């Protein structure tokens, strides 16, 4: 760099290094182009193939959903003691998946963890789609979803009776629907400036029109940014206690009952830790594919994945601690039903599911202590898939507590039917359909936030606080 | 169209330091109807522009408190006044059981008000602006930063505005015209 000529120091304005400004301009334009590239090109065969597979799953979901409603929920494997089978397992599983998205977008934002920036948008999208999928299960479990509004919401009706506000199932209705709405608003708020950037890059008239309408006429005005940034912060502040409350309320569905193995105070934190655990694993699985496929390795780097793996490891330890504490308390309580419930959980008819759960959730993730494994795509991908399997089985194991309750005469094992399996597989199809459409039409990385953190994007002298 | 109405002047910058310097200068000159347009939020620009703090937090907390109060009142009225049912031997107004829904309603109302308040305060939902009409929009949503001096400002003059932006070292100054008026 050449020293500036001596008389230039008399200028009033800050001395602007023009090469630095040029570099910033190039960086910002490259971010725009890289992140929006998948939206601007014609779908590749691989995308179409993945979408086709997801569509098959979604169709299976639709068929099993309609079949269940037409024939009644008797087509499932549910029976008298096991009133909650796959449907609630899937519901808790998908809600849990969603929680990592909010943790990344809201909690890590409040904690000013800059590494969240490139993964936040994608994780938040995953949250919304997971919640949409999760909501299908309680809805279909009501048997007649078109009447469900009367059982779920306090609506005036001919009997003049109201819903029972003391029931945790009703708390769940409010918690999950609030969670879905606030997550969608938070996500959309984040999207507005990026939709405006997409609008201004669009060549085609229809694209320009659609992104133009969706971006609500955003102009990048600083008088708008000022309110916008505060609104975003407030959303993060609202989402943080919200996400903790949602899975706590989900755990109340179990914990406030009198079923042995369910009636424990450890459930709320245990469920939240498990949700973050499974959600982070799902984000890792998906983002490993996404970054490779969309060539975003320089935006979502190995360091980001390493940090995510550390969170998976920490939450794995929390979950493992909860499993041990459950066993200890069951023994320490001296209650025969509790002791039996946990002996039966580990060694009974569904002992194999308990073994899968412990292996996938506690033993395998210990490999992440090794730096080499945390930073090797292949290993972390495999581990993240096992964690997802393990966390599905965790919910299954908890719900199977129902098959041996207080009264031996009513004991009954649970055997899923083809409709149960169809809905489980189909729910993945529905989820991936939504996710693949998102990757196609919306920016998968928050562009404005990525630009904000680009080197030299913030004023040098003006930094205060 | 040679005699199109001038609605303002935009000066485009390539780096945040020059933008901040320009914003301070414009603020000190006494302009009131002007704005900065950036592709991402620039730290310190609010102060440089002399903006008042945003009322967003008050909107959020007010709506949240109203939502929480309404929810608690609704549950009280439905469970203890309109159709009392004794459940589990609890009092009709067993308020601890109503806390989760009160909290969720707080968050729901606060969230809706945050979204609504943000849209109103940032004047979203208006698709017409001098920037859209003059094709500089794409510059400031992708990488560059613009200072716009509005022609409605009483200090505004095409030449004086040009001089002001030139003084702060702006290399790229453009005049913004009104959109072709279809009725005229």
Inset, instruction - Note the full-extension length gain between residue A:18 and residue A:40 as 0.36 nm times their separation in residues minus their Cα-Cα distance, in nm to one decimal. - result: 4.8 nm
Inset, instruction - Return the distance in nm (one decimal) between the two label points of a simple spin-label model at residue A:149 and residue A:437, each offset 7 Å from Cα along Cα→Cβ. - result: 2.2 nm
Legend entry - Helix A:222-255 vs. chain A, principal-axis angle (Cα, 0 to 90°, nearest 10): 10 degrees
Legend entry - Spin-label zone in region A:249-273 - amide nitrogen under 19 Å from a point set 7 Å from the Cα of residue A:328 along the C-beta vector: A:261-273
Inset, instruction - Could you grab the relative contact order for chain A? Cα pairs under 8 Å, six or more apart, rounded to a whole percent. - result: 31 percent
Legend entry - Length-normalised contact order of region A:166-268 in % [C-alpha pairs under 8 Å, at least 6 apart]: 34 percent
Inset, instruction - Let me have the relative contact order for chain B, percent, based on Cα pairs under 8 Å that are six or more residues apart. - result: 50 percent
Legend entry - 0 to 90° range, to nearest 10: angle between helix A:168-201 axis and chain A longest Cα axis: 20 degrees
Legend entry - Tilt relative to chain A, helix A:18-40 - C-alpha long axis, 0 to 90 degrees, to 10: 40 degrees
Inset, instruction - Quote to one decimal, in nm, the extra length available between residue A:293 and residue A:349 on full extension: 0.36 nm per residue of separation minus the C-alpha distance between them. - result: 15.9 nm
Inset, instruction - Find how much the distance from residue A:318 to residue A:142 grows on full extension, using 0.36 nm per residue of separation minus their present alpha carbon separation; answer in nm with one decimal. - result: 60.0 nm
Inset, instruction - Partner chain Cβ atoms within 10 Å, averaged over the residues of A:155-167 - can you pull that number for me? - result: 4
Legend entry - residue B:163 versus residue A:111: modelled label distance in nm, points set 7 Å from Cα along the beta carbon direction: 5.6 nm
Inset, instruction - Grab the beta carbon distance between residue B:127 and residue A:67, set R0 = 41 Å, and tell me the FRET efficiency rounded to 0.05. - result: 0.35
Inset, instruction - Starting from the Cα of residue B:179, step 7 Å toward the Cβ, then list every residue of region B:119-157 with an amide N under 17 Å from that point. - result: B:123-138
Legend entry - Three-way shape call for region A:44-448 based on the alpha-carbon gyration tensor, with the a/c threshold at 1.5: prolate
Inset, instruction - Sort A:304, A:99, A:298 so the one with the fewest other Cβ atoms within 10 Å of its own Cβ comes first. - result: A:298, A:304, A:99
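Since every read-out is calculated from the coordinates, none of them should be taken as a lab result. All values derive from a computational prediction rather than experimental measurement. Using ideal geometry, Cβ is built from the backbone for each residue, glycine included, and neighbour counts are taken over all protein chains shown.
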